[in-house]
There are 2 protein chains.
Amino acid sequence: MLKVGILGVGTVGTSVAQILKDNADVISARAGCEIVVKSGVVKNLAKDRGLDIIITDNVDDVLNDPEIDVVVELMGGVDEAYAAVKKALQNGKDVVTANKALLAYHRYELQDLAKDQAFEYEAAVAGGIPIINALRDGLTANHIESIMGILNGTCNYMMTKMANEGVAYDAVLKEAQELGYAEADPTFDVGGFDAAHKLLILASIAYGIDAKPEDILIEGIDKVSSEDVAFAKEFGYAIKLLGIAKKDGSEVELRVHAALISKDEMIAKIDGVMNGVSVVGDKVGETLYYGPGAGGDATASAVIANIVDIARAGKRSPMLGFDKPMEGKLTLKSTDKIESKYYLRINVSDKTGVLARITKLFENNNISIQTIVQKSTSKTDANLLISTHTAMEKDIQNLIKEIEALDFVNKTPVMIRIV
Amino acid sequence: MLKVGILGVGTVGTSVAQILKDNADVISARAGCEIVVKSGVVKNLAKDRGLDIIITDNVDDVLNDPEIDVVVELMGGVDEAYAAVKKALQNGKDVVTANKALLAYHRYELQDLAKDQAFEYEAAVAGGIPIINALRDGLTANHIESIMGILNGTCNYMMTKMANEGVAYDAVLKEAQELGYAEADPTFDVGGFDAAHKLLILASIAYGIDAKPEDILIEGIDKVSSEDVAFAKEFGYAIKLLGIAKKDGSEVELRVHAALISKDEMIAKIDGVMNGVSVVGDKVGETLYYGPGAGGDATASAVIANIVDIARAGKRSPMLGFDKPMEGKLTLKSTDKIESKYYLRINVSDKTGVLARITKLFENNNISIQTIVQKSTSKTDANLLISTHTAMEKDIQNLIKEIEALDFVNKTPVMIRIV
């Protein structure tokens, strides 16, 4: 059993504890052992978090607890968090953090301190997207040519809204604040600083380069107006806040700023609060990673992935993902029981009464039609293009047989499922 | 030093050997040791592959070589490959394969055989995309609700071409064959079998479920016509060959077929020969992985990532990706030296000669204009919206200062970089 202590039981911390309980079946099967949260540190002891863990307001209760194997740091901020994780490492504990500011300033000191323990931080960049995992372990064969990231969901929500609905900057900021996507003081997000912290972490993994936020170009989206968005649309661009790392000979360019980017690029297609990171390797070419960049459960998903990594350390990670097989629990669904919406193309002789007889067969098979389009294919023949509401595969298969048997149907109907 | 033997030195095998040499600097820094290919097995000894490795036509020369640590299986096919990797494991060697058919039929036997060695297969699904890595290690906190994959680049190329250019199925297949994307007998790709092999591998990792290709619904794209594509476009759908795994209570649905999918879905935006996999976890929500699904170098990138994993086994993977720091080699580029295209919004009093004086300043700063749009903002004022060709950051910054100083310029110009 692996015992976890959480520093900072807020939204993400509560999700970590809750998911480790809710999904204990798959998590322990994948990790090869049980993982439980023993205790958590909070500022306000009076608030009930609905968790059956020990709650304390003293970090040392976790850091000095010999039973705790893994310390999860979710306090935020730089100095206090640095002191806490340093002490955790000195006390022989593995550490998992979601704290991007801590890493933007102290990642190389932490790498030195963590020689004998794990120090993991998947949740610090792009929330639930396993981008650290991909960049550090999945693309090791490559010189990284460039990284381009939509690393801040607040900015991407605002830029998308301005582009799609022509809303002015101030109005969309107000709306983002009302929805809880932006803080009362939005500077950290809209000024590009949050994205910069994340970019510096990615740049270290890609290039082994040390740089602090103060060393790089950081601009935000606060100068972008509706006129700019209209120009962008007219000339085939999207506007995004991008974090960019680019190798140029022996130099690395690091910058965060609003950017016009061709609508054909995959990264320009990432809209709303979602995050995405495009990585170009000299051998693999472009790969792109997309998903939720924030939210309690999504961030906790990344934190727990790191805890599972730690639980597996020293053992071999199971080849097919599960240490114990899961087959007993899940079985293959029979094809007949698949449900889907369907599209059918039926080639018929164009006679009176054809449509009535065919639609009657749909009704007999309990299949409800959504749209019908009829297109002539010759003077005598026509295609019926029909989409359905959700139906059962066995009913559709039966319907197709019945339709095929009709004398005015010329070819086997073609069926394509609608997903 | 880690020594590698390659079974099958074709396109991918040659890329593996070449990249391990070309990118030895980053690969050894990340792996913590040197990785070299010692020998390779081929069918035709006469053909020169331009590699300085031992070439043999006898697999046992590799499998029985006590110096070989890792066997890379790139032979393809099922039975011969199975016999070879089985012997490799029995001889105590770690194995890396790109062979999806082998895994579609024998993955659970191989998991049992590989208790004491690594058996890795990142390249077997979606080529260069580290999807095995993401699904097996990055999303361990989640019950996987569904996987939807564009797993066959040939089919995706054909579907994209039919949709974008209205080309008929037969013509686009012929073109794919001429470009080398499709085989002379294209059944394995267009019939959905290749995608099905890959789907079965993903389903094992997500659900721990054993199923063979014969057990699941497999249909191809060969019935899709231009009429279907036109209908899809009219009703807001893309057409893709999808591999789908979906959990429904205690059952798992596995199916491969052409599908109409709403154009708003991220996966519908993946075009051409590219692959992509959307994974929905109960906690993280949707994450998506995009990249090249085939090609020698892209596939080799995934093979080498697995070899690096093996080199790191037992050691802790370096926190920031590099075991030895790389800082000495790469330095941060100064902001002044950044090159980009630029967009400028300049608010001016609308007088004669304004445009001439402003464009002259562009010329003086060696900045070439690509487009100019002028839009009135009031009776007396106008916005000039200007995009440039590639220019130097320091020139643009100087230009902005000069423009700002002009008496008919009302506000500080806004600049957005074009990426």
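Taken together, the values in this text are just the output of simple stated rules run on the coordinates, not laboratory data. Bear in mind the structure is a predicted one, so any value in this text is a computation, not a measurement. Virtual Cβ from ideal backbone geometry, glycine too; neighbours counted across all protein chains shown.
Phi-derived couplings, Karplus 6.51 cos²θ - 1.76 cosθ + 1.60 at θ = phi - 60°, listed residue by residue for the stretch A:335-340: 4, 3, 8, 4, 10, 7 Hz, with x used for Gly and Pro. Amide H contacts of residue A:370 (H built 1.01 Å from N, in plane; Pro and chain starts excluded): A:387, A:388, A:389 sit under 5 Å, all sequence-distant by 5 or more or on other chains. Pairs from the table (A:375/B:246; A:87/A:247; A:269/B:341; A:351/B:246; A:269/A:337) lying more than 30 angstrom apart at Cα are A:375/B:246; A:87/A:247; A:351/B:246; A:269/A:337. For residue B:351, the point set 7 Å out from Cα toward Cβ sits 8.3 nm from its twins in the other copies, listed from shortest up. Take each residue of peptide B:251-257, count the partner chain Cβ atoms within 10 Å of its Cβ, and average: the result is 5. Binning at 10 angstrom from zero up to the longest distance, how are the C-alpha pair distances of the stretch B:43-115 distributed in percent? Going from the shortest bin to the longest, the percentages are 18, 50, 26, 5. Taking the charge dipole of the protein assembly as shown about its Cα centre, with +1 at Lys and Arg Cβ atoms and -1 at Asp and Glu Cβ atoms, the residue from A:66, B:419, B:193 reaching farthest to the positive side is B:419.
With its label point put 7 Å out from Cα toward Cβ, residue B:184 sits 7.4 nm from the same residue's point in the other copies, in order from shortest. DSSP assigns beta bridges within chain A; of those with both partners inside it, close to 70 percent run antiparallel. When the Gaussian network model of chain B links Cα atoms closer than 10 Å, the mean-square fluctuations of B:343, B:207, B:105 top out at B:343. Just counting partner chain Cβ atoms within 10 Å, what average do the residues of peptide A:124-134 show around their Cβ? Going residue by residue through A:124-134 and averaging, the value is 5. Secondary-structure-derived ellipticity at 222 nm for chain A, considering helices only, amounts to -10000 deg cm²/dmol, per-run term -39500 (n - 2.57) for DSSP H runs with n ≥ 4. Would you mind working out the magnitude of the charge dipole of chain A relative to its Cα centre, with +1 at each Lys and Arg C-beta and -1 at each Asp and Glu C-beta, to the nearest 20 Debye? Value, rounded to 20: 1760 debye. Computed over chain B, the convex hull of the alpha-carbon atoms projects to a mean area of 27.5 nm².
The alpha carbons of the stretch A:222-265 give a radius of gyration and a Dmax of 12.8, 39 Å, in that order.
Under a no-solvent Debye model with one identical scatterer per Cα of the stretch B:131-292, what's log10 I(q)/I(0) at q = 0.14 Å⁻¹? Computed log10 I(q)/I(0) values: -0.68.
Can you tell which of B:319, B:148, B:274 shows the greatest fluctuation in a Gaussian network model of chain B with Cα springs below 10 Å? In this elastic network of chain B, the residue with the biggest mean-square fluctuation among B:319, B:148, B:274 is B:319. Computed about the Cα centre, the dipole magnitude for the stretch B:131-292 is approximately 400 debye when only Lys and Arg (+1) and Asp and Glu (-1) carry charge, each at its Cβ. Relative to the longest principal axis of the Cα atoms of chain B, the long axis of helix B:153-165 lies at roughly 40 degrees. Say we join alpha carbon atoms closer than 10 Å with springs in a Gaussian network model of chain B; which of B:315, B:198, B:246 then has the biggest fluctuation? Among B:315, B:198, B:246, the largest GNM mean-square fluctuation belongs to B:315.
Residues whose amide H falls under 5 Å from that of residue A:96, counting only those 5 or more places apart or on a different chain, are A:71, A:72, A:73, A:120, with hydrogens built in the peptide plane. Any chance you could tell me what percent of the C-alpha pair distances in the protein assembly as shown go past 56 Å? Taking all Cα-Cα pairs of the protein assembly as shown, the fraction more than 56 Å apart is 13 percent. Taken one residue at a time, the phi angles of the stretch B:284-290 give Karplus couplings (6.51, -1.76, 1.60, θ = phi - 60°) of 7, x, 8, 10, 9, 10, 9 Hz. Gly and Pro are set to x. Basic side chains Lys and Arg get +1 at the Cβ, acidic Asp and Glu get -1 at the Cβ, and with that the dipole of the protein assembly as shown about its Cα centre reaches some 880 debye.
Shape descriptor for the stretch B:335-418: Rg over Rh equals 0.95 (Cα atoms; Rh from the Kirkwood inverse mean 1/r).
Ranked from shortest, the separations from the 7 Å Cα-to-Cβ label point of residue B:262 to its equivalents in the other copies are 2.9 nm. Summarising the amide proton neighbourhood of residue A:331: residues at separation of 5 or more, or on other chains, whose placed amide H is nearer than 5 Å comprise B:251, B:252. Computed from Cα positions, the angle between helix B:354-364 and the longest principal axis of chain B comes to roughly 50 degrees.
The string of couplings for the stretch B:378-388 from the Karplus curve (6.51, -1.76, 1.60, θ = phi - 60°) is 7, 4, 10, 10, 8, 9, 9, 10, 10, 10, 10 Hz, one whole number per residue in order, with x for Gly and Pro. When both the stretch A:353-385 and the stretch A:236-301 are represented by their alpha-carbon centers, they are found 46 Å apart. Kirkwood radius, the stretch A:103-217, all distinct C-alpha pairs, inverse of mean reciprocal distance: 15.9 Å. The spread of Cα positions in the stretch A:203-307, taken along each principal axis and listed from longest to shortest, comes to 46, 39, 32 Å.
Here the relative contact order of chain B, from alpha carbon pairs under 8 Å that lie six or more residues apart, stands at 16 percent.
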